[in-house]
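Data block below; observations after.
Here, each number is a calculation from the coordinates, and none is a lab measurement. These figures come from a predicted structure and were not determined experimentally. Reconstructed Cβ throughout: ideal geometry from the backbone, glycine too, with neighbour counts over all protein chains shown.
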Amino acid sequence: MTDARLHVRVLLDTGPTLQESREIEAIFGDLGMRADVEGHSYGGPPPTSAFLIVVNTDLLSFMDTFLAQGASGRRSFERWAGRLLALRSDSRMWGKQHTLKLEDAQCGLSIALTQSLPPAAYDTILNIDVSGFDRGSPSTGIDWNPLLNRWQAHLHSTPRPIARRVALRSEVDTDTPRVRNIGDEDLRAMWRLSEDPNVHAVTWQRAKMVLWSTSGWRPSAIAEKMLVAERCVRTVIHNFNADALSSLAPVYSGRHRPPLNGDEEREIRRIAARHPADFGVSLRLWDIDALSDFLVSQGVVDDISHAQLVDLVQEMRHSVALDDHPGMSTP
């Protein structure tokens, strides 16, 4: 059985000691997460070090863990940050306070937390929306501005300091899906599917969409990469979150069905009514599996389930289409 807990890397600019490693693992274990702790150099040894404790993970899933706790989430987040910051709070040993940095594992986004953060910062931090960032986003840092009393986003790639107001969850589309955290075994299975030249076109495409989502791409960006409609990507991700690897199979009927428009239905009917050889397919008659593979691989539709095709073919059998052109076998 795979470990599907949220995976977190914790990087300390010096160390860590064995005691620190165990304490950090326990801190994240209390949240139901799995932590790997390691040392990292941020600018060299003290006193030139950046004095950072970096938490590197899927930032949206991480923050959602606290939001799922409801009214107690804000206080839980503050306690979690305080426990990590307290690890290296002794100025006699470290010279200055460490900064805790939340860093998204898939894009150039980070959120800085210090021991001087006021309660107002913790009151609002979980309201920050990070779903709009993906691997194509510019490198951005979010920190608390005490003068404006709000969180701000700073672009790292500009020649002069530029700050922007951060988007809040209440201001954005909260239905934008992201693939849930999945285990290594499932990830390996999807990579195998995505690299198999003989895999069914429906399975290959769905696996690629899910993999890109796990890599931090938004549905709109995945749609551009796959040359499909964004609604198709959203459907695939919703189904995967519900039913995991089984949702990648062409026979999967789905919690959500890929939508078909009128033009697509008419073209499917036209193709199904003719022999596969007319389209360069070495079959005597279409079957549902071969037809769905052809339709997706040739871009007739973005995605389709076997159940949708069965419904269409059965409708056609009540018309003259298949009688005149018997290219379809019985579903």
What order do you get for 227-237, 112-122 when each peptide is scored by the mean count of other beta carbon atoms within 10 Å, highest first?
-> 227-237, 112-122
Beyond 18 Å, what share of the Cα-Cα pairs of the stretch 184-324 remains, rounded to the nearest whole percent?
-> 56 percent
Sequence order, the stretch 107-116: Karplus ³J(HN,Hα) from phi using 6.51 cos²θ - 1.76 cosθ + 1.60, θ = phi - 60°, Hz rounded, Gly and Pro as x, gives 8, x, 10, 8, 10, 9, 10, 10, 6, 8
Helical contribution to [θ] at 222 nm, DSSP H n ≥ 4, -39,500 (n - 2.57), averaged over the chain, rounded to 500 = -11500 deg cm²/dmol
Nearest 10 degrees, 0 to 90: helix 288-297 Cα axis against the chain principal axis = 60 degrees
Restricted to the chain, the DSSP antiparallel beta bridge percent, nearest 5, is 55 percent
In the stretch 111-219, the GluC sites (Glu not before Pro) that fall in loop regions by DSSP, at most 16 other Cβ within 10 Å | 195
What percent does the relative contact order of the chain come to when contacts are Cα pairs within less than 8 Å and at least six residues apart?
-> 11 percent
Determine the percent antiparallel among the DSSP beta bridges restricted to the stretch 77-213, to the nearest 5.
-> 80 percent
Which GluC sites (Glu not before Pro) does the stretch 235-282 hold that lie in a coil by DSSP with at most 11 other beta carbons within 10 Å?
-> none
Full extension between residue 249 and residue 160 adds, at 0.36 nm per residue less the Cα distance, a length in nm of 27.0 nm
In degrees, nearest 10, the alpha-carbon axis of helix 262-272 is tilted away from the dominant principal axis of the alpha carbons of the chain by 50 degrees
Can you pull the one-decimal nm distance between simple spin-label points at residue 26 and residue 310, each 7 Å off the Cα toward Cβ?
-> 5.5 nm
Could you state the angle between the C-alpha long axis of helix 184-194 and the longest principal axis of the C-alpha atoms of the chain, as a value from 0 to 90 degrees rounded to the nearest 10?
-> 40 degrees
One would report the Cα pair-distance distribution of the stretch 7-171, bin width 10 Å, in %, as 9, 39, 39, 13, 0
What number in nm² do you get for the chain if you take the convex hull of its Cα atoms and divide its surface by four?
-> 21.3 nm²
For q = 0.26 Å⁻¹, Debye-computed log10 I/I(0) when each Cα of the stretch 89-140 counts as one equal scatterer | -1.02
Relative contact order (%) - criterion: Cα under 8 Å, at least six apart; region: the stretch 7-171 = 17 percent
Highest mean first, what order results for 151-158, 239-246 on Cβ atoms within 10 Å?
-> 239-246, 151-158
If each K or R counts +1 and each D or E counts -1, the residues other than residue 296 whose Cβ falls under 10 Å of its Cβ total -2
Report the paramagnetic label zone for residue 267: residues of the stretch 226-250 whose backbone N is under 14 Å from a point 7 Å from Cα along the Cα-to-Cβ axis.
-> 227-229
